[in-house]
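Chemist: Right, I'll just put the structure down here and ask away after.
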Amino acid sequence: MRMQRLPALLIVTLLPLAAQATKPEVLRRIDATKGIYEEMALKIWSYAEVGYKETRSSALLQEQLRREGFRIEAGVAGMPTAFVAAHGSGRPVIAILGEYDALPGVSQEAVPEKKERPGASAGHACGHHLFGAASLQAAAAVREWMIATGQRGTIRYYGTPAEEGGSGKVYMVRAGLFNDVDITLHWHPSDRNGIQMASSLANKSAKFRFRGVAAHAAGSPDRGRSALDGVEAMNHMVNLMREHVPDSTRIHYVITRGGEAPNVVPAFAEVYYYARSPGREVLAEIWDRLENAARGAALGTGTKVEWEVTGGVYELLPNEVLGRLMHDNLSAIGGVKYDEAEKAFALKIAKTVFGKPPAPEAAAIVPTFVANPPREGGGSTDVGDVSWVVPTVGLRAATWAPGTPAHSWQAVACGGTTLGLKGMNVAAKTLAATAIDLFTRPETVAKARAELEKRRGPDFKYTALVGDRPPALNYRD
């Protein structure tokens with residue numbers, strides 16, 4: 001189900017927009033030039049680079065943006081794979097976010113049965129290869145529309161690394177890279193189509209490192225102090241704590257180092273924690289208790305502990321003004337229509353999904369806009385930080401077979417086929433159409449800003465949950 005491509009430069013030069021370009025003409029151009037961006041998305045899918053290691057993916061996106069005529073500032077906010085691309089000048093400044101990091105441990109070929117891809121240890125189980133490419137396609141289409149119509153203002157593409165636990169956008173917000181932005185647009189791969197009006201969970205993460213004393217585990221165990229005992233004692237206390245936190249709290253961990261041999265008392269052990277809550281104030285209280293559990297575990301096992309905060313993100317702050325505008329555009333564009341081969345692929349994928357019936361078909365759009373929908377799931381995103389400093393809105397587009405969960409091998413498989421590429425096309429069109437509306441409707445931009453200021457309150461001051469630490473460029477090591 002992979003598609004034949006045409007050379008990027010050929011397509012770009014063959015299809016200039018008319019001087020009086022309309023939104024439908026822009027959308028037709030997106031269809032006509034989609035081969036460029038589909039090829040790019042599949043290349044990034046094959047690279048499968050994890051957070052802050054997305055060297056080839058970032059370079060590929062920057063190369064295409066230069067080809068499209070954007071100015072680029074690379075390596076921003078202390079992150080080598082982060083960048084900002086811009087066209088135009090003055091206000092309004094409309095930003096479109098792009099992501100491109102993969103997840104470790106989910107290597108998968110583009111087939112409907114579990115099959116690891118040779119030579120790959122990671123995979124795009126959250127579809128960020130599609131995210132980065134579709135957002136670029138939208139930004140490029142808006143740029144051409146601005147040139148054709150003489151529209152004033154600035155369109156920016158933000159290349160944002162390490163969304164999966166590395167909090168890349170947080171450092172960009174902290175560095176002031178969004179200070180002059182009027183509106184931010186984003187999207188995310190999914191198994192359905194709709195506007196993302198529900199909030200997300202605030203999230204904080206850290207690696208807790210215990211240090212003990214090595215000794216022979218049989219010959220002289222009394223001479224040793226097990227760092228692994230410290231990790232296990234902390235985990236036990238945190239698991240007891242689960243009974244005494246709000247139901248919406250999420251706490252998860254993996255032991256990343258547990259020792260090298262059973263007959264050697266481990267001198268070093270490490271556990272990697274995430275904690276989440278609908279509000280960052282409650283999260284702060286829960287995090288204090290995690291740190292106390294670590295201290296108590298070290299005290300009780302005769303070990304020492306230190307920790308490194310590797311990420312921290314705000315909950316999303318929805319914007320109803322922007323949500324209604326984007327919903328109108330998504331509804332007009334429509335969802336994904338599968339051909340017979342794609343239907344067969346999707347059915348095979350659906351049969352492998354555990355514990356959840358299929359969602360509505362990929363062609364469907366949620367028909368009624370809901371300003372405050374109930375929360376579904378418990379995910380987190382560094383878009384949350386952006387949404388507290390700039391009016392922000394996003395959509396979800398059906399890039400995976402209905403019923404497919406994120407962070408699964410099934411999502412990796414779908415993302416490497418035309419199922420993912422068709423959903424990406426819906427996203428690119430919706431982003432471009434919404435951006436064009438915002439350039440031509442200053443009153444909507446003003447209303448969105450007023451809503452943001454009302455929702456966050458008069459005393460809001462942004463403070464990053466990661467504190468003043470530099471980006472954790474090696475958090476995936």
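Chemist: Angle check, please: helix 227-241 long axis (alpha carbons) against the longest principal axis of the chain (alpha carbons), in degrees 0 to 90, nearest 10.
Modeler: Approximately 70 degrees, to the nearest ten.
Chemist: Separate question: Please find the FRET efficiency linking Arg289 to Asn263, where r is the Cβ-Cβ separation and R0 is fixed at 30 Å, and quote it to the nearest 0.05.
Modeler: Efficiency for this residue pair is about 0.30.
Chemist: Can you give the % of DSSP beta bridges in the chain that are antiparallel, to the nearest 5?
Modeler: The antiparallel proportion sits near 70 percent.
Chemist: Could you grab the relative contact order for the chain? Cα pairs under 8 Å, six or more apart, rounded to a whole percent.
Modeler: 23 percent.
Chemist: Which is the longest part of the chain that has none of the GluC sites (Glu not before Pro) sitting in a DSSP loop with at most 14 other Cβ atoms within 10 Å?
Modeler: Working: sites that count: Glu113, Glu116, Glu260, Glu376.
Free of exposed loop sites, the longest segment is 117-259.
Chemist: Residue farthest toward the positive end of the dipole of the chain, with Cβ of Lys/Arg at +1 and Asp/Glu at -1: which of Gly296, Phe210, Asn474?
Modeler: The one lying farthest along the dipole's positive direction is Asn474.
Chemist: Taking the Cα atoms only, what angle lies between the long axis of helix 320-333 and the longest principal axis of the chain, rounded to 10 degrees?
Modeler: Between the helix axis and the principal axis of the chain, the angle is about 60 degrees.
Chemist: Using the Kirkwood radius over C-alpha pairs as Rh, can you work out the diffusion coefficient of the range 202-312 via Stokes-Einstein at 37 °C, viscosity 0.692 mPa s, in µm² per second?
Modeler: This corresponds to a translational diffusion coefficient of 230 µm²/s.
Chemist: Hey, fewest Cβ within 10 Å first, where do Phe83, Phe354, Phe369 land in order?
Modeler: Fewest-to-most Cβ neighbours within 10 Å comes out as Phe354, Phe369, Phe83.
Chemist: If you don't mind, another one. Ratio of the chain's C-alpha Rg to 2.2 N^0.38 Å, to two decimals?
Modeler: Relative to the 2.2 N^0.38 Å estimate, the chain comes out at 1.01.
Chemist: How much length is gained if the chain between Thr22 and Ala363 is pulled fully straight, taking 0.36 nm per residue apart and subtracting their Cα-Cα distance, in nm to one decimal?
Modeler: Computed gain between Thr22 and Ala363 is 120.3 nm.
Chemist: Per DSSP H run of n ≥ 4, the term is -39500 (n - 2.57); total these for the chain, divide by its residue number, and report the mean residue ellipticity at 222 nm rounded to 500 deg cm²/dmol.
Modeler: -12500 deg cm²/dmol
Chemist: For Arg324 paired with Thr256, estimate the spin-label separation in nm (one decimal), with each label point 7 Å from Cα along the Cα-to-Cβ line.
Modeler: Label at Arg324, label at Thr256, 4.5 nm between them.
Chemist: Debye sum, Cα scatterers, the range 318-358, no solvent: what log₁₀ I/I(0) at q = 0.16, 0.20, 0.23, 0.29 1/Å?
Modeler: Treating every Cα as an identical point scatterer, log10 I(q)/I(0) equals -0.67, -0.73, -0.76, -0.91.
Chemist: Provide His188, His236, His244, His129 in ascending order of the number of other Cβ atoms located within 10 Å of each residue's Cβ, fewest first.
Modeler: In order of increasing Cβ crowding within 10 Å: His244, His236, His188, His129.
Chemist: Follow-up question, since we're still on this one. What lysines could a cross-link reach from Lys53, if we take a straight Cα to Cα line under 30 Å and drop same-chain neighbours fewer than 8 places away?
Modeler: Filter leaves Lys34, Lys43, Lys114, Lys115, Lys169, Lys204, Lys207, Lys422, Lys429.
Chemist: Quickly work out the Glu113-to-Thr55 label distance, labels modelled 7 Å from Cα along the C-beta direction, and quote it in nm with one decimal.
Modeler: Taking the simple label geometry, Thr55 and Glu113 are separated by 3.7 nm.
Chemist: To continue, here is another question. Dimensions of the range 355-477 along principal axes (Cα, Å, largest first)?
Modeler: 44, 44, 27
Chemist: Using a 10 Å cut-off around each Cβ, can you sort Lys454, Lys304 from fewest to most neighbouring Cβ atoms?
Modeler: Lys454, Lys304
Chemist: So how tilted is helix 23-32 from the main axis of the chain? Cα-based, degrees 0 to 90, rounded to 10.
Modeler: Computed tilt is about 70 degrees.
Each reported figure results from applying straightforward, stated rules to the coordinates on display, with no laboratory input. Here the structure is a predicted model, which means the values were calculated and not measured. Counting neighbours? That spans all protein chains shown, and the Cβs are built from the backbone with ideal geometry, glycine included.
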